[in-house]
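Asks: Supplied in structure tokens, the structure appears directly below.
Just so it is clear, none of the values below were taken in a lab; they were calculated from the coordinates. Computed from a predicted model, the values in this text were never measured in an experiment.
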Ligand SMILES: [Zn+2]
């Protein structure tokens, strides 16, 4: 059995271990993603290949991604063949990315608060799948439309706000209205400060064979991702 140690990008700072063991995929697990590439199949795979077995609900997207790319490395090797639409000529090119070129950014000195110009203090958090589920539930319950999806993005990433008057706002609905009612400048401060950058950087330079110009490729977790690098034989009719 192929198994190796992975240091997770959350780096032991979000309540999951800093280092875990990850197993290569078996036929059983590949079957799951070929049958249905969904959150459910991805979560089941993560449960099965991590030692100790991790609950995917407790993981942030960055850790989940790192686990999936690592098991792909263990299963199929360093090369990842991708079919990308070229921004220069508009055609789809077959390009190869290499796992070894990817850079892992680990979470460190996570600054969890920042102040707005009005003196209110924002407490940040990094959303786990469980938090994302709560936000999905909130969206459903309050019929939040697509025009407000950025507010949902913020609700997932803000634990609470303590106002300059000492009032704590942690209820999601109150926070939703608080954020929407902020002056644009304060809202801009939140947008600037809310993002925490870490995880595996999966962009890579690709070249257009028609124009010799470079473009930036991204390795996405799609059906091609879970295949052997030198195989482009379509599975079923999904490539039709
Ligand atoms: Zn091209």
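Asks: Which residue fluctuates most in the GNM of the chain (Cα springs below 10 Å): 41, 146, 53?
Replies: Among 41, 146, 53, the largest GNM mean-square fluctuation belongs to 146.
Asks: Any chance you could give the angle, 0 to 90 degrees and rounded to 10, that helix 172-181 forms with the longest Cα principal axis of the chain?
Replies: In the chain, helix 172-181 runs at an angle near 80 degrees to the longest axis.
Asks: Report, in whole Å, the centroid distance computed from the Cα atoms of the range 113-129 and the range 9-32.
Replies: Answer, in whole Å: 29.
Asks: A further question follows. Which number do you get for Rg(Cα) / (2.2 N^0.38 Å) in the range 14-134? Mind showing how you got there, number by number?
Replies: Values: Rg = 18.1 Å, N = 121, 2.2 N^0.38 = 13.6 Å.
Here the Cα radius of gyration is 1.33 times the empirical estimate.
Asks: Give me the extension gain from residue 211 to residue 100: residue separation times 0.36 nm, minus the current Cα-Cα distance, reported in nm with one decimal.
Replies: Length gained, residue 211 through residue 100: 37.3 nm.
Asks: How far is helix 39-49 tilted off the main Cα axis of the chain, in degrees rounded to 10, range 0 to 90?
Replies: Relative to the chain, helix 39-49 is tipped by roughly 70 degrees.
Asks: Give the relative contact order (percent, whole number) for the chain; include only Cα pairs under 8 Å separated by 6+ residues.
Replies: 22
Asks: Gaussian network model of the chain, Cα springs within a sub-10 Å range: biggest mean-square fluctuation belongs to which of 156, 206, 97?
Replies: Judging by the Gaussian network model, the answer is 206.
Asks: Taking the C-alpha atoms of the chain, how large are the radius of gyration and the largest Cα-Cα span, Dmax, in Å?
Replies: 20.6, 63
Asks: By how many degrees, 0 to 90 and rounded to 10, does the Cα axis of helix 184-193 deviate from the longest principal axis of the chain?
Replies: 40
Asks: If only Cα atoms are counted, what is the Rg of the range 113-193, and what is its Dmax, in Å?
Replies: 12.2, 33
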